[in-house]
Amino acid sequence: MCGNDHAEGFIEPDANDADSAFTDNNSTVYTESLRSSFLQSVRENGRGYHKYSDGQYLIPEDEQEQERLDMQHEIFLITMHRKLYHAPISPNVQHVLDLGTGTGIWAIDFADQHPSSQVLGIDLSPIQPSWIPTNCKFELDDYEKPWTFSQKFDFIHARMLMGSIADEKNLFKQAYDNLAPGGWIEMQDFSLPVRADDDTMKGTPFEELNVKFMDGLRMIGRDGGVPERYKQLLTEAGFENVVEVKYKWPQNQWPKDKHLKTLGQWNMVNTLDGLYGFSARLLTQVVGMTPEELETLLAKCREDIKNPRIHAYWPIVVAYAQKPAASEDRTEA
């Protein structure tokens, strides 16, 4: 499958980048040119978080984060060769649910591409635009609470929920029960820790940050590596035709391969723009770092993120599965 491009094999680093690209000027050029090509502006005036189910999601909802989410959507499109999903759904799919819709950009794109569909995006934050297709709508809702939808769905999509799900088994049960027979679910996510297939990340501040992330998630009952078990969990939930597709997002432009280098350039900006937002609540309120300790570590990590001699990458997992065509909703024993 083309979706597995470079997913399992060792990525060859670009020796020229390692020798010449790691300078403040070149890193700034990469960062600013990519940011300006996709983002109109970035405001740094503090961070805002959602009020609904406060504390469940540890990443901001403010304008800076919204812009990063829209850029991250483009990274997924580059990764998946301009596809919004991999599941073999009908082109005339009817009822679609997008969990944790964020800015709504995936739901809007899907609605535009599938005019016969009715797309519902739900999120804890009301940050979606008002100019949307007529076949798309958004609601403030918490997918961890009991689902009360009035109709069954033909397709349920979720992206980047790792860290926000307290009970994956319950989530997949609710998805199963709210899918029409023969309907599909697709999870698109990244898995922690960020890793390297060689020793270039070993002993770096960025590795230290990853350890703290994993520790913090465990302290709140979350598992950073759970996306790599989505396939197993979907199977246990009763789904069939379960497929897993893996990708790698390089941390910067270090790969020799042109496609992976492009992904790395985008992901470097994505990570730099999101680094403080990813870290602040979890590492100060949960792990117990002081703001000064956090900023000192993040300053060192920003240098690691831009360093092409560190061959780090984000593991990306896409898992999709089908509810059996002849099935009934399951109840608790």
Q. Conditions: (1) free of Cβ contacts under 8 Å to residues at least 40 places away in the same chain; (2) over 19 Å from the mean Cα position of the chain (by Cα). Asp223 meets all but one. Number of the miss?
A. (2)
Q.
Please go through segment 175-206 and give me each residue that is within 21 Å of the chain's Cα centre (by Cα) and part of a helix (DSSP H, G or I), ordered by number.
A. Ala175, Phe206
Q. On the given criteria, is Tyr276 among the aromatic types (Phe, Trp, Tyr) and in contact with a strand residue (DSSP E or B) (Cβ under 7 Å, 6 or more places away or on another chain)?
A. no
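Quick grid of which residues meet (1) basic (Lys, Arg); (2) in contact with a Phe, Trp or Tyr (Cβ under 8 Å, 6 or more places away or on another chain); (3) not in a helix (DSSP H, G or I):
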residue	(1), (2), (3)
Gln232	no, no, no
Gln253	no, yes, yes
Gln265	no, yes, no
Met268	no, yes, no
Arg281	yes, yes, no
Gln285	no, no, no
Gly288	no, no, yes
**Q.** In segment 150-172, the residues that are in contact with an Asp or Glu (Cβ under 9 Å, 6 or more places away or on another chain), of a type in the set (D, E, K, R) and surrounded by 19 or more Cβ atoms within 10 Å (Cβ to Cβ)
**A.** Arg159, Glu168
**Q.** Of all residues in segment 106-134 being surrounded by 19 or more Cβ atoms within 10 Å (Cβ to Cβ) and in contact with a helix residue (DSSP H, G or I) (Cβ under 7 Å, 6 or more places away or on another chain), the one that is farthest from Ile75 (Cα to Cα)
**A.** Ser117
**Q.** Candidate set: segment 136-194, residues that are out of contact with any helix residue (DSSP H, G or I) (no Cβ under 9 Å at 6 or more places or on another chain), modelled with pLDDT under 95 and of a type in the set (A, V, I, L, M, F, W, C); chosen: the one farthest from Gly102 (Cα to Cα)
**A.** Ala166
Q: Under 6 Å between Cβ atoms, at least 6 apart or on separate chains: pull out the pairs that start in segment 233-256 with a residue that is in contact (Cβ under 8 Å) with a residue 12 or more places away in the chain and end on any residue that is surrounded by fewer than 20 Cβ atoms within 10 Å (Cβ to Cβ) and of a type in the set (Ser, Thr, Tyr).
A: Val242/Thr235
Q: Working only within segment 78-106, note down all residues that are closer than 21 Å to Lys152 by Cα, polar (S, T, N, Q) and within 19 Å of the chain's Cα centre (by Cα).
A: Thr101
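For the structure I just gave you, tell me whether Pro133 is more than 21 Å from the chain's Cα centre (by Cα), over 13 Å from Leu97 (Cα atoms) and not charged (D, E, K, R). Before you say what the answer is, go through the steps one by one.
Values: more than 21 Å from the chain's Cα centre (by Cα): yes; over 13 Å from Leu97 (Cα atoms): yes; not charged (D, E, K, R): yes.
Considered against the rule, which asks whether it is more than 21 Å from the chain's Cα centre (by Cα), over 13 Å from Leu97 (Cα atoms) and not charged (D, E, K, R), Pro133 comes out as yes.
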Q: Please tell me if Gly163 is in a loop (DSSP other than H, G, I, E, B) and under 21 Å from the mean Cα position of the chain (by Cα).
A: yes
Q. Which residue pairs have Cβ atoms under 7 Å apart, sit 6 or more places apart or on different chains, and have a first residue in segment 283-303 that is under 21 Å from Val269 (Cα atoms) and touching a residue at least 24 places away in the same chain (Cβ under 8 Å) and a second that is part of a helix (DSSP H, G or I) and among the hydroxyl-bearing types (Ser, Thr, Tyr)?
A. Leu298/Tyr276; Leu298/Ser279
(Q) What are the pairs with Cβ atoms under 7 angstrom where one residue, in segment 60-78, is closer than 10 Å to Asn270 by Cβ and buried (at least 22 other Cβ atoms within 10 Å of the Cβ) and the other, located anywhere, is modelled with pLDDT of 90 or more and among the charged types (D, E, K, R)? Sequence gap at least six, or different chains. (A) Arg68/Asp273
Q: Determine whether Glu74 is closer than 24 Å to Val317 by Cα, charged (D, E, K, R), at pLDDT 95 or above and assigned to a helix (DSSP H, G or I).
A: yes
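The values are calculated or read from the model by the stated rules, or taken from the named source; none is laboratory data. These figures come from a predicted structure and were not determined experimentally. Note that we place each Cβ from the backbone using ideal geometry, even for glycine, and neighbour counts take in every protein chain shown.
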